[in-house]
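Written out below as structure tokens is the structure these notes cover.
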Amino acid sequence: MDKPVSKESRRAQLFGHYWKNDLDPVFTDVASYYDNANQVASLGLWNWFLRHHMDLVETRPGMRSLDICAGTNAVGIALLKKEPTLEAYAIDRNVAMQTVGRERAQKRGLHIRATIGDVHKLPYPDGHFDIVTLQWAARHLQLDIVLDEVRRVLKPGGHFHHCDMLRPPHPRVAKLYFGYLRFCLNFTATIFRSGEPALNCRKYFIDVLDNFYSPEEFSDLLRAHGLVNVVHKSLLAGMIGVHRAQKPAE
């Protein structure tokens, strides 16, 4: 495996333009049907993935959590269902996605303290959160920066939880996976009538995943950024990875 820093530098060179300029219009385009499209593309497994993610999260009354790249607030809502006394925060740079997320939380009578901002520079003090979560977005981020920010805002002994599409470690599985994803991107774009921003990024969504991490490699990346007690679950032969890691106690 490449050293994490060199891999992150290459990812930034390949995809930095998309991250900076193209993704915000894409998520503005898809916000209204994001959850429905993912239910279709995952063949109904979308909530099953979330349950696996939440299974690794241990909560206690009064804890403070932060969901970064929170999107439509699926994780924040799930955490509050798990522990209603949680002080839940969310940050995402896309206004349209967070508008949908706020409406989803309000319909359930839940309160999430949301911020629109760049997750590469989290606007929170050091050691502020017991839990930080990241779901379905890591492949769109410069992780050498984001993971250092995650470690900074976690309390000593706090946990980071991650769930995302990853690069399957077995080449034959990866070939089938990418073929299915190409079909899904075209199929969902047609039935949900995606706009030009989403249509223009279909190749990017395959390429960024092809240059991403396997589940084991992502575990190594977490350790390289000073997190310990790393645990991961691979779902569907490594197509999806769920990780938990801890900031060392002082």
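The values are calculated or read from the model by the stated rules, or taken from the named source; none is laboratory data. Just so you know, these numbers come straight off a predicted model, no measurement behind them. Don't worry about glycine lacking a Cβ; one is built from the backbone with ideal geometry, like all the others, and counts go over all protein chains shown.
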Subset of segment 197-212 that is touching a residue at least 60 places away in the same chain (Cβ under 8 Å) and not aliphatic (A, V, I, L, M) - its residue that is farthest from residue 10 (Cα to Cα)
197
I'm trying to understand the selection: among the residues of segment 213-234, which are surrounded by 19 or more Cβ atoms within 10 Å (Cβ to Cβ) and among the hydrophobic types (A, V, I, L, M, F, W, C)?
218, 221, 222, 227
Suppose the filter is within 16 Å of residue 138 (Cα to Cα), basic (Lys, Arg) and either modelled with pLDDT of 95 or more or in contact with a helix residue (DSSP H, G or I) (Cβ under 7 Å, 6 or more places away or on another chain) (or both); does residue 182 pass it?
no
Regarding residue 14, is this residue buried (at least 17 other Cβ atoms within 10 Å of the Cβ), assigned to a helix (DSSP H, G or I) and modelled with pLDDT of 95 or more?
no
Scanning for something of a type in the set (Asp, Glu) and either within 22 Å of residue 48 (Cβ to Cβ) or surrounded by fewer than 16 Cβ atoms within 10 Å (Cβ to Cβ) (or both), does segment 133-152 turn up at least one residue?
yes
Given 237, 189, 174, which one is more than 20 Å from residue 71 (Cα to Cα), among the hydrophobic types (A, V, I, L, M, F, W, C) and not in a loop (DSSP other than H, G, I, E, B)?
174
Failed item, numbered, when residue 195 is tested on (1) surrounded by 21 or more Cβ atoms within 10 Å (Cβ to Cβ); (2) farther than 24 Å from residue 230 by Cα; (3) in contact with an Asp or Glu (Cβ under 6 Å, 6 or more places away or on another chain)
(1)
Could you tell me whether any residue of segment 119-132 is over 13 Å from residue 68 (Cβ atoms) and part of a helix (DSSP H, G or I)?
no
Take the residues in segment 69-107 that are in a strand (DSSP E or B) and hydrophobic (A, V, I, L, M, F, W, C); name whichever of them is surrounded by the fewest Cβ atoms within 10 Å (Cβ to Cβ).
91
